[in-house]
1. May I ask you to verify whether Leu108 is hydrophobic (A, V, I, L, M, F, W, C) and either surrounded by 16 or more Cβ atoms within 10 Å (Cβ to Cβ) or modelled with pLDDT under 85 (or both)?
2. Which members of the stretch 16-65 meet the condition of being outside any helix (DSSP H, G or I), among the charged types (D, E, K, R) and at pLDDT 75 or above?
3. Only one of these is in contact (Cβ under 8 Å) with a residue 60 or more places away in the chain and among the basic types (Lys, Arg): Arg100, Arg91, Arg54. Name it.
4. May I ask you to say which residue of Ser118, Ser84, Ser124 is hydroxyl-bearing (Ser, Thr, Tyr), surrounded by fewer than 18 Cβ atoms within 10 Å (Cβ to Cβ) and modelled with pLDDT of 85 or more?
5. Please tell me if Ala47 is in contact with a Phe, Trp or Tyr (Cβ under 7 Å, 6 or more places away or on another chain) and either under 21 Å from Ile137 (Cα atoms) or open to solvent by less than 20 Å² (accessible area, probe 1.4 Å) (or both).
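The values are calculated or read from the model by the stated rules, or taken from the named source; none is laboratory data. Everything numeric in this text was worked out from a predicted model, so none of it was measured. Please note: Cβ atoms are built from the backbone with ideal geometry, for glycine as well, and neighbour counts cover all protein chains shown. The area values use the complete protein model at the heavy-atom level, side chains included, leaving out ligands, DNA and RNA. Shrake-Rupley method; radii C 1.70, N 1.55, O 1.52, S 1.80 Å.
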Amino acid sequence: SSGLILFLLGVQIGILPMGEQMGEALSKTGKLWIIVLFGFILGLLAAIAEPNIRILAAQLDFVSEGSIPKNILIYSIAVGVAFSVGLAMLRTVLNLPLTRLLILGYALIFCLALVAPSKYFPISFDAGGLTTGPLLIPFILSLGAGVASVLRGGDASGEGFGMVGLAYIGPVLAVLLLGVIYG
């Protein structure tokens, strides 16, 4: 209980302000490729640091009977998150409609679900849920709010909600793709 309190305090004091400042600094460069690239890199690193992914890797190792190496799973999910965060940054900068991106993302998910072995479908959605955990989401929200506040001026905290929705899609696609490859 006290550990969780200290963790959440650390998120509030450290991660949120840092993510916002990074988002603001990235926006001030005025270069789309830098914003998207840093969104990708930061999403990748934050996902690798997310402890829940390692637990999922152990579970998938059990379900797949060792056919998918744990590190492949961890890095695939991290790349899925990174892709999603990069896409979310692109959406924020270009002011793309969130609904279209979500519809396209979920259409891809359901197309892959048709060809992936059925045992990977629930695990893929667990991957999306686990990566939207206590470490990754505050960072993504604050990064998106920082970028949007510079681009749109003032308070842009609502921008982060689209980022969370997009961040969910990448890991789901990554695990389903692994199911198609290794299944």
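1. On the way: hydrophobic (A, V, I, L, M, F, W, C): yes; either surrounded by 16 or more Cβ atoms within 10 Å (Cβ to Cβ) or modelled with pLDDT under 85 (or both): no.
Answer is no for this residue.
2. Of the stretch 16-65, the ones outside any helix (DSSP H, G or I) are 30-31, 50, 64-65.
Still in the running and among the charged types (D, E, K, R): 31, 50, 65.
Residues satisfying the conditions are Lys31, Glu50.
3. On the way: Arg100 fails: in contact (Cβ under 8 Å) with a residue 60 or more places away in the chain; Arg54 fails: in contact (Cβ under 8 Å) with a residue 60 or more places away in the chain.
Step by step, each of Arg100, Arg91, Arg54 is checked, and only Arg91 is in contact (Cβ under 8 Å) with a residue 60 or more places away in the chain and among the basic types (Lys, Arg).
4. On the way: Ser84 fails: surrounded by fewer than 18 Cβ atoms within 10 Å (Cβ to Cβ); Ser124 fails: surrounded by fewer than 18 Cβ atoms within 10 Å (Cβ to Cβ).
Checking each option against the conditions leaves just Ser118.
5. Values: in contact with a Phe, Trp or Tyr (Cβ under 7 Å, 6 or more places away or on another chain): no; either under 21 Å from Ile137 (Cα atoms) or open to solvent by less than 20 Å² (accessible area, probe 1.4 Å) (or both): yes.
Criteria not met by Ala47.
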